[in-house]
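A short worksheet on the structure shown next.
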Amino acid sequence: MKKSLIAIAALAAVGAASAQSSVTLYGLADVYVGQAKTSTTDDDGVKTVTKSTGFNSGGLQGSRVGVKGVEDLGNGLKAVFNYEMGFDAIDGALTKNGSSDVGFGRRAVVGVQGGFGSVLLGRDYTPLFNLLGASSVDGLSSFDTVGADIYTDRTNGIHYAGNFSGVGVQAFAGYNREKTTGGIGNSDTKYQGYGLGVSYANGPFMVGLAAQEFKDKKNGVQTGKRSEAGVGASYDFGAAKLFANYVQLRAHGDAASDYAAAVSDYAAAVGAPNAAGFDKVKSEEANIGVRVPFGAASVMAGYGHNRAKAYIDGTQVGKAKGNDWVVGANYAFSKRTDVYARVGRSDDMKFKDTGGVDAGSSKSDNYAIGLRHKF
């Protein structure tokens with residue numbers, strides 16, 4: 001009898017411990033077959049067309065695997081963590097932020113949460129990136145009209161998120177400094193980043209705004225600065241859900257040349273040999289979209305307008321504008337598995353110099369059919 005009581009007590013203790021702490025392994029695999037046809041025209045009118053056809057990973061969402069957990073610390077306080085890495089769903093290779101480096105580069109945080117919200121340390125998504133995802137018709141997919149790769153999506157530091165009766169607050173602050181003295185010389189490199197996002201959700205309606213800034217200094221001199229801000233909203237009518245957002249970017253110094261390189265063809269606006277000649281770039285875009293459900297199926301459409309200006313030594317030397325679009329359909333076999341089709345145009349830009357003379361163009365036409373499974 002005593003042995004039975006001891007065994008029951010031991011099982012009860014294990015059950016209580018399990019209820020107070022949990023670890024979850026999860027993931028997503030997204031594979032599509034399609035074609036991307038990129039067309040560029042330089043300032044001399046020479047056109048180049050590149051076609052890429054085949055199987056790819058991460059059409060609607062980046063394929064990933066992650067582990068997350070929570071421990072109840074008592075008094076409403078919990079310890080939490082989330083580490084997530086990307087992988088290529090075609091060959092299984094692990095990736096980090098789209099590169100071949102292995103690591104938990106998508107998300108890597110540990111912290112505490114309670115009635116006040118959550119405070120996390122590590123690498124997490126920025127307020128603006130989360131807002132764009134919530135207010136974009138295709139959730140920042142590879143085919144979305146939002147130029148998500150232009151804006152800072154994740155950063156290291158301390159991150160806060162809380163929700164109070166429908167009012168959501170997100171904020172982060174990051175800081176890193178490396179200082180060397182003696183030897184062959186002195187060096188002092190400093191990075192700073194901070195951002196804030198506020199949103200309100202009530203039933204079918206959501207609206208929000210976010211802003212963030214990143215600065216780099218070397219030996220006391222600012223070498224780069226990025227300022228990003230946007231507003232976004234969505235409304236679910238039941239028969240259809242509407243999405244809209246507006247976002248702008250201001251980049252200076254090294255950040256401007258990095259941005260120009262990211263959109264690849266801004267150099268064509270002035271016939272510059274490379275994008276490093278720009279020391280200031282202004283960019284803005286507006287996007288709208290609609291999703292209409294039909295039982296297990298849904299159709300969607302999105303449109304975006306983009307504009308940008310490039311500067312050297314404070315003088316505008318080029319400008320560009322373009323229109324992106326996407327249409328598509330999904331069919332859900334279950335809550336975790338669906339198929340999709342997308343057709344659209346992205347990275348559409350027509351370049352002009354300050355005199356209004358054409359200086360080239362760039363665009364990418366995309367076609368895809370894919371399968372997504374969440375596990």
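The values are calculated or read from the model by the stated rules, or taken from the named source; none is laboratory data. The model shown is predicted, which means the values in this text are computed figures rather than measured ones. Cβ sites come from the backbone with ideal geometry, for glycine too, and all protein chains shown count toward neighbours. These area figures cover heavy atoms from the full protein model, side chains too; ligands, DNA and RNA do not enter into them. Shrake-Rupley method; radii C 1.70, N 1.55, O 1.52, S 1.80 Å.
Observations, loosely collected:
- The stretch 13-83 holds strands (runs of 3 or more DSSP E) entirely within its bounds, and those carrying 3 or more residues that are farther than 25 Å from GLY114 by Cβ map to 21-41, 47-57.
- Qualifying residue in the stretch 183-200 (condition: out of contact with any His (no Cβ under 8 Å at 6 or more places or on another chain), within 25 Å of ASP236 (Cα to Cα) and not small (Gly, Ala, Ser)): yes
- Among the residues making up the stretch 78-90, those that are open to solvent by 60 Å² or more (accessible area, probe 1.4 Å) and free of Cβ contacts under 8 Å to residues at least 40 places away in the same chain are LYS78, PHE81, TYR83.
- When we screen VAL221, VAL231, VAL207, VAL198 for residues that are of a type in the set (A, V, I, L, M), free of Cβ contacts under 8 Å to residues at least 24 places away in the same chain and either in contact with a helix residue (DSSP H, G or I) (Cβ under 8 Å, 6 or more places away or on another chain) or open to solvent by 30 Å² or more (accessible area, probe 1.4 Å) (or both), the only hit is VAL221.
- The condition of being not hydroxyl-bearing (Ser, Thr, Tyr) and not in a strand (DSSP E or B) holds for only one of GLY208, GLY182, that being GLY182.
- Members of the stretch 147-188 that are at pLDDT 95 or above, closer than 30 Å to GLY203 by Cβ and surrounded by 12 or more Cβ atoms within 10 Å (Cβ to Cβ): HIS159, TYR160, ALA161, GLY162, ASN163, GLY166, VAL167, GLY168, VAL169, GLN170, ALA171, PHE172
- Checked against the criteria, ASP236 counts as without any contact (Cβ under 8 Å) to a residue 60 or more places away in the chain, touching a Leu at 6+ places or on another chain (Cβ under 9 Å) and either open to solvent by 80 Å² or more (accessible area, probe 1.4 Å) or over 28 Å from VAL281 (Cβ atoms) (or both).
- The single residue among VAL46, VAL70 that is open to solvent by 70 Å² or more (accessible area, probe 1.4 Å), of a type in the set (A, V, I, L, M, F, W, C), out of contact with any helix residue (DSSP H, G or I) (no Cβ under 8 Å at 6 or more places or on another chain) and over 21 Å from SER141 (Cα atoms) turns out to be VAL46.
- Of the strands (runs of 3 or more DSSP E) contained entirely in the stretch 296-375, those carrying at least 2 residues that are farther than 23 Å from ASN56 by Cα and modelled with pLDDT of 85 or more fall at 297-312, 315-332, 337-352.
- Boolean, ASP358 is of a type in the set (Asp, Glu), in contact with a Lys or Arg (Cβ under 9 Å, 6 or more places away or on another chain) and within 30 Å of LYS374 (Cβ to Cβ): no
- Being modelled with pLDDT under 95 and farther than 30 Å from ARG291 by Cβ holds for only one residue in VAL102, VAL110, and it is VAL102.
- Output for the stretch 297-311, where each listed residue is open to solvent by 50 Å² or more (accessible area, probe 1.4 Å) and of a type in the set (A, V, I, L, M, F, W, C): VAL299
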